[in-house]
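K.L.:
Structure in structure tokens, see below.
The values are calculated or read from the model by the stated rules, or taken from the named source; none is laboratory data. Being a predicted model, the structure only gives us computed values, none of them experimental. In this analysis, Cβ positions are derived from the backbone assuming ideal geometry, glycine residues included, and neighbour counts consider all displayed protein chains.
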Ligand code: FAD
């Protein structure tokens with residue numbers, strides 16, 4: 001095998017898979033090094049992708065040319081659009097997947113990347129050399145002055161490999177410790193070892209590390225459950241695919257008659273996407289006061305309460321012991337039973353994440369109606385791991401201290417497959433750009449808060465140190481109506497095309513769909529139905545594209561044929577026209593501050609009138625723009641005005657006109 005690469009990705013989780021996919025598809029000679037290649041794409045916790053806000057991120061990953069949406073569609077065993085009763089801004093696609101087939105599909109997709117190599121191994125050291133242009137940025141000793149640059153990696157077995165950029169995606173594995181009651185085992189995931197050496201190396205490189213925790217519920221044997229005691233939870237019929245490629249394939253627009261049965265005016269089955277795997281149902285049940293009593297009686301044996309675990313876990317995804325303590329007056333909590341695959345017996349008990357001892361887990365599970373005879377195949381556990389405080393990275397996910405070193409996924413303090421994958425994609429892209437252009441002419445890929453949930457995620461990470469594992473919510477985004485799951489391709493596919501991640505066939509399908517939308521809008525603005533413009537008719541409460549088609553065809557008009565997904569998109573554009581326009585104006589105002597860039601290495605002590613607290617914060621966070629500076633907690637609009645005046649003075653003094 002070659003000893004020299006453009007990009008080395010450490011880790012084969014969801015961040016690592018996207019990073020390696022992006023780098024290799026953009027043409028970088030890429031190496032993925034991971035502890036166990038057969039676990040690439042493994043779902044450590046729940047066998048599901050997407051959900052509220054997370055589903056939007058998967059659509060964004062797909063629109064940019066990533067792999068998560070493709071793997072989900074190929075292996076989904078139940079698809080549901082969450083929040084459908086609310087507005088389209090907060091719809092969240094979610095799919096239950098066959099977790100073994102999902103990992104296999106990720107591995108298959110990676111195997112199609114011609115310049116990607118995969119190596120089993122543990123990276124112990126990231127090797128560096130003095131930074132390439134150390135002096136060029138130095139206006140101060142600000143935290144964004146790089147002190148060294150990546151030169152390669154050293155494996156535990158002594159293998160030394162050279163590279164220009166490294167993406168670290170070590171997830172929950174760094175100095176990982178698993179807890180089930182009083183039992184502690186070293187390991188990043190059940191049955192897998194921890195990675196020990198890399199944490200010390202990251203510290204030596206000048207990075208500050210923290211420690212977080214997360215947990216997982218027990219898995220039960222399907223045949224030991226009385227499902228008749230649970231409510232059934234079927235998926236959507238027809239399901240909505242994650243990948244735009246699958247959506248486009250069912251949306252080959254043509255004359256209306258191709259897709260519409262004139263008698264019923266409903267879309268024909270040819271326009272409906274069918275997932276390749278059989279679809280399953282899930283089940284919903286509840287805990288009860290007896291379950292809560294057992295938990296309360298054993299709290300002293302729960303690592304979170306006995307003092308055995310001191311690190312913070314996700315508040316929004318609490319363990320059952322947390323729920324019983326924090327919501328003491330609630331008599332019941334929901335329990336979802338979710339199959340982990342088509343031909344495996346494991347059922348995932350969503351809602352009962354726990355690190356209580358095995359004997360307590362046995363008791364509490366059997367007190368849930370329908371689980372009286374349940375057989376536990378794997379006990380729940382919590383895992384503690386090292387992470388890197390993400391205020392030490394730039395919005396490109398490159399560390400401020402070490403040139404060419406990128407971090408993505410759970411190591412940045414996030415939790416969740418989708419959050420990891422979104423970062424992996426951005427880090428893979430930027431590592432490739434860095435490897436190709438070097439630090440002197442930095443070509444960067446940064447997504448804004450107005451462009452993508454992935455942009456919101458990364459901006460939050462670099463401006464607000466997480467106090468618990470970070471997960472995405474729709475409430476974190478200020479431009480929700482713009483960041484919808486249905487329009488992710490309009491927002492991002494052109495960017496993916498420019499980067500070389502979107503291939504010709506996807507681009508052609510995207511352009512064709514875009515053309516259908518544009519001509520449908522033109523048509524709506526040009527014809528009248530029932531005495532009014534069709535555009536206004538469609539805007540009215542209760543009207544939809546199907547009903548419009550019926551009227552148009554009866555009136556002898558020739559409406560364009562749209563697939564169900566495209567028709568839905570046209571309805572949203574028309575119905576929310578005024579809101580979308582208002583949001584676009586907000587985005588434009590927002591962009592004014594976002595586009596005012598702050599030069600790297602700016603000496604904040606030279607900004608006249610700036611408060612000391614603001615100086616310290618700005619020197620630590622080193623924001624990229626005035627907009628980002630304003631989002632740092634404790635930084636006021638007045639502080640930002642002072643920086644703006646300073647930058648204007650600086651640029652007029654240098655006669656360069658400045659970057660803003
Ligand atoms: P991972 O998927 O953890 O992958 C890390 C990869 O790095 C692995 O391939 C590993 O082999 C490799 N690696 C690590 N160190 C080295 C090294 N030195 N050299 C080479 N390779 C290395 N998320 C939620 O959203 N909700 C939950 O409730 C939840 N619970 C979880 C419970 C448990 C027990 C675990 C383990 C995870 C849980 N997660 C949960 C988190 C979810 O699994 C992660 O967010 C996601 O998998 C992170 O992806 P990643 O790519 O960052 O890392």
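K.L.:
Please pick out the residue among 296, 286, 301 that is surrounded by fewer than 21 Cβ atoms within 10 Å (Cβ to Cβ), at pLDDT 90 or above and within 26 Å of residue 341 (Cβ to Cβ). Before the answer, list the steps.
P.N.:
Numbers: 296 fails: within 26 Å of residue 341 (Cβ to Cβ); 301 fails: within 26 Å of residue 341 (Cβ to Cβ).
Every option except 286 fails the conditions.
K.L.:
A further question on this structure: Of everything in the stretch 313-359 that's more than 16 Å from residue 291 (Cβ to Cβ), away from the ligand (no atom under 14 Å from the Cβ) and part of a strand (DSSP E or B), which residue is nearest to the chain's Cα centre (by Cα)?
P.N.:
It comes out as 339.
K.L.:
Does residue 396 fit the bill of being more than 8 Å from the ligand (Cβ to nearest atom), out of contact with any strand residue (DSSP E or B) (no Cβ under 9 Å at 6 or more places or on another chain) and not in a strand (DSSP E or B)?
P.N.:
No, not satisfied.
K.L.:
In the stretch 427-457, how many are closer than 27 Å to residue 586 by Cβ and away from the ligand (no atom under 13 Å from the Cβ)? Break it down stepwise before answering.
P.N.:
Kept after step one, since they are closer than 27 Å to residue 586 by Cβ, are these residues of the stretch 427-457: 444-457.
Filter again for away from the ligand (no atom under 13 Å from the Cβ), leaving 444-456.
The qualifying residues number 13.
K.L.:
Residue 448 fails exactly one of the following numbered conditions: (1) within 21 Å of residue 494 (Cα to Cα); (2) at pLDDT 95 or above. What is the number of that condition?
P.N.:
(2)
K.L.:
May I ask you to list the residues in the stretch 399-414 that are within 11 Å of the ligand (Cβ to nearest atom) and surrounded by fewer than 24 Cβ atoms within 10 Å (Cβ to Cβ)?
P.N.:
Answer for the stretch 399-414, where residues must be within 11 Å of the ligand (Cβ to nearest atom) and surrounded by fewer than 24 Cβ atoms within 10 Å (Cβ to Cβ): just 413.
K.L.:
Can you spot a residue in the stretch 486-494 that is more than 16 Å from the ligand (Cβ to nearest atom), part of a helix (DSSP H, G or I), touching a strand residue (DSSP E or B) at 6+ places or on another chain (Cβ under 8 Å) and farther than 23 Å from residue 49 by Cβ?
P.N.:
Taking the stretch 486-494 first, the residues more than 16 Å from the ligand (Cβ to nearest atom) are 486-494.
Remaining after also requiring part of a helix (DSSP H, G or I): 488-494.
From what's left, touching a strand residue (DSSP E or B) at 6+ places or on another chain (Cβ under 8 Å): none.
No, the conditions are met nowhere in the stretch 486-494.
K.L.:
Quick check on this structure: which one of 624, 631 is in contact (Cβ under 8 Å) with a residue 60 or more places away in the chain and touching a strand residue (DSSP E or B) at 6+ places or on another chain (Cβ under 7 Å)?
P.N.:
Numbers: 631 fails: touching a strand residue (DSSP E or B) at 6+ places or on another chain (Cβ under 7 Å).
Of 624, 631, the one residue that is in contact (Cβ under 8 Å) with a residue 60 or more places away in the chain and touching a strand residue (DSSP E or B) at 6+ places or on another chain (Cβ under 7 Å) is 624.
K.L.:
Something else about it: Going through the stretch 96-115 one residue at a time, which ones are within 15 Å of the ligand (Cβ to nearest atom) and crowded, with 21+ Cβ neighbours inside 10 Å?
P.N.:
Across the stretch 96-115, the qualifying residues are 96, 97, 99, 102, 103, 106, 110.
K.L.:
Still on this structure, please answer the following. In the set 8, 77, 49, which member is within 19 Å of residue 105 (Cβ to Cβ), within 11 Å of the ligand (Cβ to nearest atom) and not in a helix (DSSP H, G or I)? Talk me through it step by step, then tell me what you get.
P.N.:
Values: 8 fails: within 19 Å of residue 105 (Cβ to Cβ); 77 fails: within 11 Å of the ligand (Cβ to nearest atom).
Matching residue, one of 8, 77, 49: 49.
K.L.:
While we're looking at this one, here's another question. Among the residues of the stretch 157-191, write down those that are outside any loop (DSSP other than H, G, I, E, B), touching a helix residue (DSSP H, G or I) at 6+ places or on another chain (Cβ under 7 Å), within 12 Å of the ligand (Cβ to nearest atom) and closer than 22 Å to residue 129 by Cα.
P.N.:
Within the stretch 157-191, 167, 168 qualify.
K.L.:
Please determine, by comparing only the residues of the stretch 192-210 that are away from the ligand (no atom under 11 Å from the Cβ) and touching a helix residue (DSSP H, G or I) at 6+ places or on another chain (Cβ under 9 Å), which one is nearest to residue 384 (Cα to Cα).
P.N.:
By that ranking, first place goes to 209.
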